[in-house]
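In what follows, a structure is listed as structure tokens, so that the remarks can point back to it.
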Amino acid sequence: MKSTKEYYHSVTLDKDKCMGCTNCIKRCPTEAIRVRDGKARIIDERCIDCGECILVCPYHAKIAVTDPLSAINEYRYKIALPAPTLFGQFKNLKDCNMIMAALMKIGFDYVFEVALGADVVSELIKEKLKIPDIPKPLISSACPAIVRLIQVRFPNLLNHLCRVESPMEVAAQMAKDEFSKLYGVPIEEIGAFFITPCAAKMTSIRNPIGNESSHVDGAISILDIYGPIASNLKSGVDVEDLHRASGAGLSWAITSGESNSLKIDNYLSVDGIQNVIPVLEEIENNRMSDLDFFEGLSCSGGCVGGPLTFENGYVAKNRIRLLAKEIQNKSKKIMNLSYVKKNMNWQIQKNIIEKPVLKLDENIVMAIQKMEFLERINKSLPGLDCGSCGSPSCRTLAEDIVRGTASEMDCIFKLREKVRNLAEEMIELSEKMPAGREQKGKGENKLYE
Amino acid sequence: MHPDLSTSLCNNSEVEPLIKHAFHISANDFVSAGEASQKIKNILKQIGVNSELVRRIAIASYEAEMNLVIHSNGGELLFLVTPSEIQLITEDTGPGIPDIELAMKEGYSTASQQARELGFGAGMGLPNIQRNADTVDIRSEVGQGTILKITFKI
């Protein structure tokens with residue numbers, strides 16, 4: 001699926017619900033939101049679709065646009081690609097086949113676990129780690145929000161990205177290949193739909209980071225499909241033996257799952273985008289060159305903490321852990337690795353390019369001048385970071401003023417100062433009488449002389 | 001700081017810097033350690049210095065800041081941007097480096113036990129700065145202090 005717009009974003013604003021508060025502008029890791037005219041506005045170039053604003057908005061005004069379930073009907077053959085996270089949404093789930101059967105009952109012709117794609121991807125990353133002189137730590141490219149964060153804020157680290165396609169992309173190719181061979185149908189007639197815990201994945205399908213187009217044809221939110229699956233489970237499903245992924249593959253849904261699957265010791269895994277940022281700063285400062293692998297996940301707990309999930313992230317995390325343990329040794333091993341390497345796009349093809357949205361100007365001399373101006377404005381602002389101006393901090397307001405998208409009077413303290421000065425001037429003026437008239441003050445003074 | 005040292009190092013910039021920031025760095029202040037370097041890095045990214053140069057400056061400024069925290073009695077970190085170069089200058093009030101040549105060697109360190117426990121003092125500070133900078137000028141007098149001037153060409 002390919003996007004027509006330069007910037008496609010799954011994360012969008014429901015204007016009617018937005019109260020214009022400061023919750024989202026404060027939380028956004030790329031300072032991509034401003035409140036203008038009483039409503040939040042997302043700056044397209046900066047948004048990385050992490051979904052932090054969706055999680056924090058008390059009015060549910062931030063939403064992730066995903067495909068409706070009916071979208072699957074655009075294809076003659078429909079494949080569901082459930083994210084490993086989906087299996088953590090149900091209480092006392094003992095057998096992954098139950099969920100897969102419930103998906104079949106919804107109308108899918110085939111269900112292929114993304115966890116199985118993860119099993120393959122783990123092997124491919126293991127090979128990458130063996131390449132001599134590869135920049136260390138190798139940074140996981142699994143979480144699209146983190147990859148975009150690196151594009152925007154840490155372009156220095158782009159060459160550390162491991163550039164193996166996501167389990168979702170690998171699974172989509174494996175699923176279509178398998179289905180088309182099994183039933184002798186052309187690949188073009190097959191639609192593969194990712195059952196997604198997050199907005200960032202939706203954006204990656206429409207607007208892939210390192211490739212022209214995605215092999216996935218749409219994404220359905222876990223929140224949208226949770227109800228139909230639950231009701232199918234209640235009314236009963238015909239369980240088939242479809243589940244093949246390993247416990248390690250399933251564990252990609254939770255923090256450290258990916259790292260553990262690589263069977264290495266020297267890794268660091270961090271979840272929650274606000275926690276990932278300081279570690280990326282450390283890597284950028286060359287303070288982690290002794291580390292082999294870094295796994296950064298935007299959501300707390302890993303994908304189970306995604307904004308489109310139903311179950312509490314930590315509850316789901318525990319379920320995935322138990323389920324993975326349960327199926328650990330029952331895995332029906334993966335497809336031939338050399339087959340995947342030969343026939344599928346498993347590497348991120350294009351260069352992942354820097355998105356220099358933080359730059360004040362294309363011309364460095366101009367940028368330096370603007371920076372000097374920015375510093376001067378910043379010093380004159382109160383430094384309270386109250387957000388009333390609609391920018392997340394005083395410094396960001398200074399930046400917005402320099403960029404010409406805000407004015408100093410947007411600061412309520414500045415405005416008040418100006419009003420006070422004007423009022424003083426008015427009083428001063430009101431005391432002045434035309435020269436021909438007797439000056440009131442002087443006259444009174446005369447009385448006391 | 002010895003007045004001769006100060007004039008010889010700091011008064012030779014021909015062009016008035018467009019951006020100038022002075023950070024006071026206190027000795028053994030591990031709470032704020034690294035904050036000045038962080039601010040410098042953010043400014044560099046905003047003015048659009050190419051990312052490879054940002055990386056080099058970030059590494060050097062972090063090491064220089066840490067040197068002030070760990071080894072000095074406290075001092076100033078100066079960050080200057082002119083159209084042609086970026087300078088980091090640290091000036092401290094002692095104790096001074098007795099043997100600069102030795103201090104520039106990889107692995108050599110005089111870090112305190114407290115600092116080593118925190119993972120500092122691997123003896124890579126100055127060599128790391130040297131490796132990433134275009135020019136490094138270091139002057140020191142025992143009992144007076146040290147001035148370190150690190151220059152990067154834009």
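The values are calculated or read from the model by the stated rules, or taken from the named source; none is laboratory data. Since we're looking at a predicted model, the values are computed, not measured. Here the Cβ positions follow ideal geometry from the backbone for every residue, glycine too, while neighbour counts run over all protein chains shown. Please note that ligands, DNA and RNA were not included when accessible areas were found on the heavy atoms of the full protein model with its side chains. Shrake-Rupley method; radii C 1.70, N 1.55, O 1.52, S 1.80 Å.
Side notes on the structure shown:
- Selection of the stretch A:62-83 for residues being touching a Ser or Thr at 6+ places or on another chain (Cβ under 7 Å) and under 19 Å from residue A:169 (Cβ atoms) yields A:66, A:83.
- For the stretch A:131-143, filtering for residues that are in contact with a helix residue (DSSP H, G or I) (Cβ under 9 Å, 6 or more places away or on another chain) and open to solvent by 10 Å² or more (accessible area, probe 1.4 Å) leaves 6.
- Helices (runs of 4 or more DSSP H) contained entirely in the stretch A:235-317, each with at least 2 residues that are polar (S, T, N, Q): A:257-261, A:273-284
- Residue within the stretch A:107-121 that is in contact with a Gly (Cβ under 7 Å, 6 or more places away or on another chain) and hydroxyl-bearing (Ser, Thr, Tyr) present: no
- Some residue of the stretch A:109-121 being within 21 Å of the chain's Cα centre (by Cα), of a type outside the set (D, E, K, R), at pLDDT 95 or above and in a strand (DSSP E or B): no
- Criterion (open to solvent by 10 Å² or more (accessible area, probe 1.4 Å) and touching a helix residue (DSSP H, G or I) at 6+ places or on another chain (Cβ under 7 Å)) met by exactly one of A:57, A:96: A:57
- Given (1) open to solvent by 50 Å² or more (accessible area, probe 1.4 Å); (2) in a loop (DSSP other than H, G, I, E, B); (3) more than 13 Å from chain B (Cβ to nearest Cβ), number of the condition residue A:356 does not satisfy: (3)
- Near pairs, Cβ below 7 angstrom, 6+ apart or cross-chain, from the stretch A:34-48 (within 14 Å of residue A:392 (Cβ to Cβ)) to any residue that is at pLDDT 95 or above and hydroxyl-bearing (Ser, Thr, Tyr): A:34/A:391
- A residue that is within 30 Å of residue A:150 (Cβ to Cβ), modelled with pLDDT of 85 or more, of a type outside the set (Asp, Glu) and open to solvent by less than 80 Å² (accessible area, probe 1.4 Å) cannot be found anywhere in the stretch A:412-434.
- Some residue of the stretch A:254-264 being out of contact with any helix residue (DSSP H, G or I) (no Cβ under 7 Å at 6 or more places or on another chain), farther than 24 Å from residue A:318 by Cα and open to solvent by 20 Å² or more (accessible area, probe 1.4 Å): no
- Within the set A:295, A:284, the sole residue that is surrounded by 19 or more Cβ atoms within 10 Å (Cβ to Cβ), over 24 Å from residue A:12 (Cα atoms), among the acidic types (Asp, Glu) and under 17 Å from the mean Cα position of the chain (by Cα) turns out to be A:295.
- Number of the exception - residue B:40 against (1) within 7 Å of chain A (Cβ to nearest Cβ); (2) open to solvent by less than 20 Å² (accessible area, probe 1.4 Å): (1)
- Test for residue A:419: is it outside the structural domain of residue A:249 (by TED's automatic domain parsing) and without any contact (Cβ under 8 Å) to a residue 12 or more places away in the chain: yes
- Set A:283, A:264: member being away from every other protein chain (no Cβ under 14 Å) and among the aliphatic types (A, V, I, L, M): A:264
- Qualifying residue in the stretch A:212-222 (condition: touching a helix residue (DSSP H, G or I) at 6+ places or on another chain (Cβ under 6 Å), open to solvent by 20 Å² or more (accessible area, probe 1.4 Å), assigned to a loop (DSSP other than H, G, I, E, B) and farther than 17 Å from residue A:79 by Cβ): no
- Exclusive hit being in contact with a strand residue (DSSP E or B) (Cβ under 8 Å, 6 or more places away or on another chain) and either in contact (Cβ under 8 Å) with a residue 40 or more places away in the chain or assigned by TED's automatic domain parsing to the domain that holds residue A:292 (or both), set A:146, A:229: A:146
- Selection of first residues in the stretch B:43-55 that are at the interface with chain A (Cβ under 7 Å from one of its Cβ atoms) and of second residues that are aromatic (Phe, Trp, Tyr) and open to solvent by less than 10 Å² (accessible area, probe 1.4 Å), restricted to Cβ pairs under 8 Å at least 6 apart or on distinct chains, gives the following pairs, ordered by first then second residue: B:43/B:79.
- Residue, farthest from the other protein chains (Cβ to nearest Cβ), within the stretch B:81-111, restricted to residues that are over 17 Å from residue B:146 (Cβ atoms) and open to solvent by less than 60 Å² (accessible area, probe 1.4 Å): B:107
- Sole exception among (1) more than 14 Å from chain B (Cβ to nearest Cβ); (2) open to solvent by 50 Å² or more (accessible area, probe 1.4 Å); (3) among the hydroxyl-bearing types (Ser, Thr, Tyr) for residue A:289, by number: (1)
- Any chance residue A:341 is within 26 Å of residue A:162 (Cα to Cα), away from every other protein chain (no Cβ under 14 Å) and at pLDDT below 85: no
- With respect to the conditions (1) more than 12 Å from chain A (Cβ to nearest Cβ); (2) within 20 Å of residue B:137 (Cα to Cα); (3) modelled with pLDDT under 90, residue B:31 falls short on a single one, namely (2).
- Cβ-Cβ distances below 6 Å connect the following pairs, each with a first residue in the stretch B:56-80 that is open to solvent by 30 Å² or more (accessible area, probe 1.4 Å), a second residue that is assigned to a loop (DSSP other than H, G, I, E, B) and of a type in the set (Gly, Ala, Ser), and a separation of six or more residues or different chains: B:73/B:27; B:73/B:94.
- Being more than 30 Å from residue A:83 (Cα to Cα), of a type outside the set (A, V, I, L, M, F, W, C) and either not assigned by TED's automatic domain parsing to the domain that holds residue A:199 or not in a helix (DSSP H, G or I) (or both) is a description that does not apply to residue A:350.
- Pick from the stretch A:362-409, criterion over 30 Å from residue B:85 (Cα atoms) and part of a helix (DSSP H, G or I), ranking: farthest from the other protein chains (Cβ to nearest Cβ): A:409
- Set side by side, the residues A:337, A:242, A:268 differ, and just one is in contact with a strand residue (DSSP E or B) (Cβ under 6 Å, 6 or more places away or on another chain), open to solvent by 10 Å² or more (accessible area, probe 1.4 Å) and more than 22 Å from residue A:93 (Cβ to Cβ), which is A:268.
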